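Have a look at the structure below before the remarks.
The values are calculated or read from the model by the stated rules, or taken from the named source; none is laboratory data. For clarity, every value in this text was computed on a predicted model and none was experimentally measured. All Cβ positions, even for glycine, are placed from backbone atoms using ideal geometry, and neighbour counts span all protein chains on display.
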Amino acid sequence: MQRADIALAVDIGGTKLAVGRVDAEGRVLDRSVAPTPARGSAEDLWGRLAELVDAARRGDEVVVGVGCGGPMRPGGTAVSPLNIPAWRDFPLRARLAELTGLPVHVDNDAKALALGEGWRGAARGARDYIAMVVSTGVGGGIVLDGRLLDGAAGNAGHVGHVIVEPDGRPCGCGARGCLEAEASGTGIRAATGADPAEAGEEVRRRTGTLVGRAVASVVSLLDLRLAVVAGSVALGYGETFFAAAQAELEARARLSFARGARIVPAGLGDAGPLVGAAAVGWRGEGRDLGVA
């Protein structure tokens, strides 16, 4: 393995932190995972992440790729994940560069997933698709004409804040009825008072239905036919979730070009966040991933 073939991949979510080494073929060579501290200061959280990064390094990495919840400023110079209240305008990219001495590239974790799924997953070969994470929160990344959409500040793809239930539950963003407020693990826990993993069939179907409703708006708006969905809620709810999502998509997306759109499980499984984070690093370094 040549030195130029290893990326240090960092995934930062509301529930867990993960760091691993990923090669240029998208193989996760090793990984370490720890819970995201539920309490404490910005420096407490940073200290835990820094410990994971230091423990994961072998000295042969040439780039750091990061997927982190948003919103964030362009390039991840400052991040403010809705599900991590301790970090508001936290200078993540600079801190990681100082820690590692390597070039660091940061993007939204769902955009990272979109890169990873287009590179090595269920969207490989597709030029138009949305990739979604339905987990503690709900995020998305959109690829059109083979290019990942960034938006003015790098925050394109926040499908979690599409309104699916007008006057529904309050969302952390300040609105009501967002997909994230209704269908994320956090939203499900708030609505049911129970662990989302223990939800019954009705909750699982409703969650899938709401995701399908949001996807129907996206495919009609952007003229795409594929949604790749990952995350502990979506994958944990399995066939019940995906059948309900597909049924709602078919019922709502009625324009001729939107008919036939599909919602499928992500192809990378639990490796997706780290493969996606590595893809952020490789993209930043100008590597050809099949998604620009």
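Below are the figures for this structure:
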| quantity | calculated |
| --- | --- |
| Of all residues making up the range 16-38, the number that are under 20 Å from residue 78 (Cα atoms) and not small (Gly, Ala, Ser) | 5 |
| Answer residue from the range 236-273, given it is surrounded by fewer than 12 Cβ atoms within 10 Å (Cβ to Cβ) and charged (D, E, K, R) and is nearest to the chain's Cα centre (by Cα) among those | 239 |
| Test: residue in the range 104-126 that is of a type in the set (D, E, K, R), more than 23 Å from residue 28 (Cβ to Cβ) and surrounded by fewer than 23 Cβ atoms within 10 Å (Cβ to Cβ) | no |
| Matching residues in the range 64-83 - criterion: being at pLDDT below 95, under 16 Å from residue 18 (Cβ atoms) and either small (Gly, Ala, Ser) or in a helix (DSSP H, G or I) (or both) | 69 |
| Residue tally, condition loosely packed, with under 14 Cβ neighbours inside 10 Å and either within 26 Å of residue 262 (Cα to Cα) or in contact (Cβ under 8 Å) with a residue 60 or more places away in the chain (or both), over the range 170-226 | 6 |
| Some residue of the range 30-53 being of a type in the set (Lys, Arg) and farther than 29 Å from residue 234 by Cα | no |
| Residue, surrounded by the most Cβ atoms within 10 Å (Cβ to Cβ), within the range 6-63, restricted to residues that are among the polar types (S, T, N, Q) and in a loop (DSSP other than H, G, I, E, B) | 36 |
| Of all residues making up the range 137-150, the number that are buried (at least 16 other Cβ atoms within 10 Å of the Cβ) and not in a loop (DSSP other than H, G, I, E, B) | 7 |
| Subset of the range 151-179 that is assigned to a loop (DSSP other than H, G, I, E, B) and of a type in the set (Val, Ile, Thr) - its residue that is farthest from the chain's Cα centre (by Cα) | 164 |
| The listed residue being in contact with a helix residue (DSSP H, G or I) (Cβ under 9 Å, 6 or more places away or on another chain) and among the charged types (D, E, K, R), out of 44, 11 | 11 |
| Helices (runs of 4 or more DSSP H) wholly inside the range 195-292 containing at least 3 residues that are closer than 30 Å to residue 62 by Cα and of a type in the set (Lys, Arg) | none |
| Odd one out for residue 127, checked against (1) more than 24 Å from residue 288 (Cβ to Cβ); (2) outside any helix (DSSP H, G or I); (3) modelled with pLDDT of 95 or more | (1) |
